[in-house]
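What follows is calculated from the coordinates using simple rules that are stated; it is not laboratory data. Just so it is clear, the model here is predicted, and its values are computed rather than measured. Quick reminder, even Gly has a Cβ in these numbers, built from the backbone with ideal geometry, and neighbours come from all protein chains shown.
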Amino acid sequence: MKYNKYKLLFIPLLIASLSLASCTRDGQSASVGSSDTSLESDREAALLSETADMGQEYIDSFIFIGESTTYHLKSRGVLRGGTETRQVWAPSSGTANLDTSVASLKIVFPDTGEEITVGDAMKRKKPRRVMLTFGLNGAVAKIKRGEDYFRSCYLSLINVIRENSPDTDVVLQSCFPIAENMDMSNFSVDAPTLMEHISTINGWTLRLAEDEGLSYLDTCETLKDSRGFLCSEYDSGDGHHLTKEAYIQILKYIRTHGITEER
């Protein structure tokens, strides 16, 4: 993809404008890991920019698949149907891992209560859109294994969706930020380093979306404080799971950064 000098000037301006939309009190956002070059090129093609509010029907058109922070869309009751919503697909554990087995991931299919593969569920439901959100689970290990491993796992799931429901729009959502005071006893790194890893993984996700002609939603930005960590009011208490207010903000962001006919 070729850029002229004016488009190159536009990219940092776009990044700055997204930062202003965060929950900071001073109107600035110091993003941890902002030097990651993966967020600097080919951003326009995949990144979902601000649009008019697409409305509740737009939110209703999605199936959500991801880690426990995705499952909590259900437990927080913020989607149509509340805690009985059928829009969240997850294993019985409530969380999915993006690894070599993800293409054969089994979920509890909400329409019937059966345990079936994502591929079978996509073939039956053929949703208009699906939102995939991965990154925190195994983040340290993913960084050690590198971008190629991450991409191959993610692409295996994307291809299952494509094969079984080719008309479904696939959106890759950024991993959400963590709190600066998160309990890191179960991690081999400190919170700033983990946030750096999340920024890197989000960069990989953006690049994958660009390469595969998919959409990328940078929801992470709207949840950050002035230091680039999860806003305290969005922290449910453990540093990475989110409050109901956070999910309301996430859904608002999805509605106002929609897929338009021009894309």
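Think of each Lys and Arg Cβ as +1 and each Asp and Glu Cβ as -1; about the Cα centre, that makes the dipole of region 45-255 roughly 520 debye.
Within the shell defined by Cβ-Cβ distances under 14 Å, the residues around residue 140 carry a net charge of 0, with Lys and Arg each +1 and Asp and Glu each -1.
Could you work out the local net charge near residue 250, counting Lys and Arg as +1, Asp and Glu as -1, over the other residues with Cβ closer than 13 Å to its Cβ? Please list the in-between numbers first.
Working: positive: 76, 224, 244, 252, 255; negative: 218, 221, 245.
It works out to a net charge of +2.
The convex hull defined by the C-alpha atoms of region 45-255 has an orientation-averaged projected area of 11.0 nm².
In terms of the mean number of neighbouring beta-carbon atoms within 10 Å, the peptides 84-92, 150-158 order highest first as 150-158, 84-92.
Proximity of backbone amide H atoms, modeled 1.01 Å from N, is registered between residue 63 and 129, 130, 131 at under 5 Å, excluding neighbours fewer than 5 places apart on the same chain. For residue 128, neighbours were defined as the other residues whose beta-carbon sits under 12 Å from its Cβ, and their charges (Lys and Arg +1, Asp and Glu -1) total -1.
Under a point-charge model restricted to the Cβ atoms of Lys and Arg (+1) and Asp and Glu (-1), what is the dipole moment magnitude of region 178-263 relative to its Cα centre, in debye to the nearest 20? Working shown, then result.
Numbers: 7 positive and 16 negative charges, 41 e Å.
The dipole magnitude comes to about 200 debye.
Taking packing as the residue-averaged number of other Cβ atoms within 10 angstrom, the listed peptides 167-173, 205-211 run from highest to lowest as 205-211, 167-173.
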